[in-house]
Amino acid sequence: MNLSPLFTPQSVAVIGVSASNDRHPANVIFFKNLLRYPVKTYAVNVKGGAIDGEQVFPSVSAIPDSIDLAVIAVRAEYVPAVLEECIRADVKSAIVISGGFSEVGQDDLQAGLVSIASGAAFPFVGPNCLGIYSPGVVDTFFLPTERMVQPEAGDVAVVSQSGGILVDLLVKFAREGVGISSAISIGNKAYIRELQLLEFLDDDPRTGVIVFYVEGFARNEGRAFVQRAAKCRKPVIVLKAGKTSEGSAAVSSHTASLAGDYRVFASVLAQYGLIEARNELELVSFCEALSCYPDTVIKGRVGIISGSGGHGAMAVDACVGGGLSVPRFTEAVQQSLRNSLSESIRTIASVANPVDLTGSAVENDFIAAVEAFCEIADIDSILLLMLPYLPGISADLGARLSKVYRRHGKPLIAYVPHVEKYRMLIEGFELNRVPVASSIESAVHMTSVLRRCRLC
Amino acid sequence: MLTKEMMDMLHRGRKNGWLMEPEAKGLFASAALPVPRFAWALDLQESLQSAAAIGYPLVAKVVSPEVIHKSEVGGVAVGIADDRQLRQFYEKVSGLPGFTGLLLEEMAAGIELIVGAKIDYQFGLIILLGIGGTSVEIYGDVAIRMAPLTPSDVHSMLHELKGGQLLSGYRGSAAVNKEKLARVLVDFAELVQDMVPYIESIDLNPLLCSGEGCVIADARIMLGDVFLKTGEADSVFTG
C-alpha cells in the first residue's frame, strides 16, 4: 500500500463542503488548501453549485483531474458510499474526518469502511480525525489557520491518537523551535494504524525523528509495532497516556498484578530501544535534541559551563538525578582550562566541572571554555547554561558557539531563558542546529536522550 | 510444541479455571523444568506412604481448587518432621473447602524469587522476574520483558533488579547460580510460548535459587478466557 499520496498529494478533493455553513470543517479545509498550499484543490458536494465563486463538483468522479487525496467530511452514514466512489474514481488515498463511528459505538459502520478499503488496498486515515498537516505541502486540519500555532518545517514526524493533543504539541514545538515534517492525527485508526505509519516514516526522506502519542494498542498489536521500531534507522519516541489505568481483568496471580499495563508498556519500549517520553516536556526536549543530533550516541559524561555557581549546582543535581555523570577534571585539565581564560576571571573562575566562569566573564571566555571542553576526553557532551543578561556577552554568541560545535562534533546543548529579548541569541544556536532548552531541566533531558537512543 | 500429556493437563484445569500446584508442577516436570520431588496424596494413608518415600523433613501443602492462596488459610507446613506432625497437619487442613488431598515434597532452600508469565493485552506474552516470593508485591522489585527471551535479556533483567545484589552474594551469603537461573528463565519462556493461546498468567512463586541452582517451590497456571469457555486455542495467537 502506497501512503505517499496522503503525505505529498498534488491534488486534493474535499468532499462535503457546505453552501450555507462557512465554518463547516470541509469549508475550512477546502479554502486553506486552495489559498495557501501548492496543491490543486477541488470542492465536492452532491448538490454541486459554487461557494465564494469556486466551483463545487457534484461528485469526485466529476472532477476533470486525477485525485491523490480525498478528504471526506460528510455525515457518518454517507461515508461508506463516498469511500466506494473514491475507489471507483481511482482516487489514491483518503482521510475520513467525520466522526460517528466506533467512538460512539458504531462498530459495524467502521468495520464496513475497513472492509471496503481492504478489498481495494485503498489507504485511508481515520475516521474521527484531523488528518495530516505537513508544512508547505498540505493541511487537512479543520482549524482555521489564523487560530493555529504552526511550527516551521523540520524533520520531526508526529503520529497521534488524539487530535487535541497533537494540535497542542504543535504549539509547544513552535515555541521551542522544533520543526516538523508532518503531523498525523489517526483518530479511530480503523485501517491505517501506527505500524504502517512507522514503516512509511522510516523510509520518508523528510523525516528524521518519529514520535507517537499512544493511548493504547489493540490486542497483541504492540508486539509487531515494537519489533518493527527496533529495526528503524531513526529514533522512535513514544508518549503513552493512560499510565495509571491498570487493566480491568480480575487479578488472580502475582504476575498479573505486578505486570500492570503501563509497567509492561514502559519495559517493552526500553527492551526494544524505543524512547519513552514520560510527559510533554520531555517529549519536546527529546525531539529538539534528536532532531539536531540524530546520529550521536553518548555515554552521558557531561561537562557543564555557566556564568553562575548556582546554575552549575542545579545542573549537576539534574544530571545525576537523570543518571548522567559530571566527572571532575584532572589538575592538568583544570590548569590548561584556566590558562585559556581572560585575565580578569582567571583567578576567580571555578574550573573543576561544573565550570563557573562568573558574571565577569566575557564572550571569548565562553568560546574558550567550549573549545577546551571539545578536547577533554573525560566528557562526551557539553551543557552550556547561558545567562544572556551578563554584561560581557552579546547576542552573537549563539551563532559563534555553534561554529565551535560544527568544527569538533561534540554535542552542545544550551540553556537560554526563552523570552523575546533573547530571541537572536536563541536563533543563533537553533538556526545552526544546536538545541536550546528553556529550562535547566529540559537541557538535561536533551542530554540524557542522546544516551538512550540506542540504535541511531 | 506441547505434548499430548501437557494438553490433557491443561484441559483438566478447565474445570476449575486454573491448574493447582501438583498439576502445574507435573506439567513443568514433564518439560524438564526443575521441580522438587513431590507426591499428591488423596488421603491420610497415601500421605503417610508418600512421606515415607520422600523422607522427612518435608513440606506439606493443602490441595484444593477453592484455595488459590494456600498460606493465607494455614495450608502450608514447612519442615514436617515425622508421621505425628503430618497427621496433625492433615487433620487441620482436611476440613478446608474443596479439600483434594495433600501435596508432599522435599525441602528446598534458597533466595526467594518470582518468575511469571502473562498474556498482556497489547504485547502478548511477557515474562517477569522479581525478588521477594511472598512479599514481592510489597517491594515491587521486578523486571519485565516481552518474550521470546534471549540470554542477554535475562542478564539485563538481573541487572535491572534493585535487589540484584542479593543474588551475587551479600554479606557472606552464597551467590545464586546465575547461569542456571538464566537457563530456567529461557526454558520457561520457550515452554510458555506454546501455551500462549491457552493461558492468562503463570506464577512460579517462589522460585528458590541458591549456588546449586533453582527449584520451583510453588506454581500456578491460570487459564485464558477463550480456552476456558470453548476448550479451543485463542485464535488471536494462532491465526
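The values are calculated or read from the model by the stated rules, or taken from the named source; none is laboratory data. Source: prediction; values computed, not measured. Here the Cβ is made from the backbone with ideal geometry for all residues, glycine too, and neighbour counts use every protein chain on show.
Data overview
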item: Among (1) touching a residue at least 40 places away in the same chain (Cβ under 8 Å); (2) away from chain A (no Cβ under 13 Å), the one test that B:Glu232 misses; result: (1)
item: Whichever residue in segment B:190-215 is part of a helix (DSSP H, G or I) and within 14 Å of chain A (Cβ to nearest Cβ) and, among such residues, is nearest to B:Glu232 (Cα to Cα); result: B:Pro197
item: Residue match in segment A:217-239 (condition: in a helix (DSSP H, G or I), of a type in the set (Asp, Glu) and either touching a His at 6+ places or on another chain (Cβ under 6 Å) or farther than 30 Å from B:Phe237 by Cβ (or both)); result: no
item: Count of residues meeting criterion [surrounded by fewer than 20 Cβ atoms within 10 Å (Cβ to Cβ) and either within 23 Å of A:Ser162 (Cα to Cα) or among the hydroxyl-bearing types (Ser, Thr, Tyr) (or both)] in segment A:81-121; result: 15
item: Selected residue (only one of B:Val67, B:Val78, B:Val59 is of a type in the set (A, V, I, L, M), within 14 Å of another protein chain (Cβ to nearest Cβ), in contact (Cβ under 8 Å) with a residue 24 or more places away in the chain and surrounded by fewer than 22 Cβ atoms within 10 Å (Cβ to Cβ)); result: B:Val67
item: In segment A:258-279, residue surrounded by the fewest Cβ atoms within 10 Å (Cβ to Cβ) [restricted to those that are within 9 Å of chain B (Cβ to nearest Cβ) and closer than 18 Å to B:Glu200 by Cβ]; result: A:Arg263
item: Top-ranked residue in segment A:206-257 [being modelled with pLDDT under 80 and more than 8 Å from chain B (Cβ to nearest Cβ); ranked as farthest from B:Ile68 (Cα to Cα)]; result: A:Lys243
item: Selected residue (only one of A:Val444, A:Val449, A:Val370 is in contact with a Cys (Cβ under 6 Å, 6 or more places away or on another chain), outside any loop (DSSP other than H, G, I, E, B) and in contact (Cβ under 8 Å) with a residue 24 or more places away in the chain); result: A:Val444
item: Single unsatisfied condition, A:Leu169 versus (1) under 20 Å from A:Ile95 (Cα atoms); (2) modelled with pLDDT of 95 or more; (3) not polar (S, T, N, Q); result: (1)
item: Some residue of segment B:41-55 being more than 18 Å from B:Phe227 (Cβ to Cβ) and among the hydroxyl-bearing types (Ser, Thr, Tyr); result: yes
item: Set A:Ala229, A:Ala190, A:Ala218: member being more than 30 Å from A:Pro151 (Cα to Cα) and of a type in the set (A, V, I, L, M, F, W, C); result: A:Ala218
item: Among the candidates A:Phe329, A:Phe373, residue that is buried (at least 16 other Cβ atoms within 10 Å of the Cβ), aromatic (Phe, Trp, Tyr) and under 15 Å from A:Ala414 (Cβ atoms); result: A:Phe373
item: Of all residues making up segment A:194-205, the number that are outside any helix (DSSP H, G or I) and either buried (at least 18 other Cβ atoms within 10 Å of the Cβ) or within 13 Å of chain B (Cβ to nearest Cβ) (or both); result: 1
item: In segment B:135-169, the residues that are within 9 Å of chain A (Cβ to nearest Cβ) and either without any contact (Cβ under 8 Å) to a residue 60 or more places away in the chain or out of contact with any helix residue (DSSP H, G or I) (no Cβ under 7 Å at 6 or more places or on another chain) (or both); result: B:Glu137, B:Gly140, B:Val142, B:Ala143, B:Ile144, B:Arg145, B:Met146, B:Asp153, B:Ser156, B:Glu160
item: Which numbered condition B:Ile126 misses (of (1) in contact with a strand residue (DSSP E or B) (Cβ under 7 Å, 6 or more places away or on another chain); (2) of a type outside the set (Ser, Thr, Tyr); (3) at the interface with chain A (Cβ under 9 Å from one of its Cβ atoms); (4) surrounded by fewer than 19 Cβ atoms within 10 Å (Cβ to Cβ)); result: (4)
item: Scope segment A:253-306; condition aromatic (Phe, Trp, Tyr) and part of a loop (DSSP other than H, G, I, E, B); matching residues; result: A:Tyr272, A:Tyr293
item: Candidates A:Val125, A:Val138, A:Val149, A:Val159 - the one that is in the same structural domain as A:Arg88 (by TED's automatic domain parsing), buried (at least 21 other Cβ atoms within 10 Å of the Cβ) and either under 17 Å from the mean Cα position of the chain (by Cα) or among the hydroxyl-bearing types (Ser, Thr, Tyr) (or both); result: A:Val159
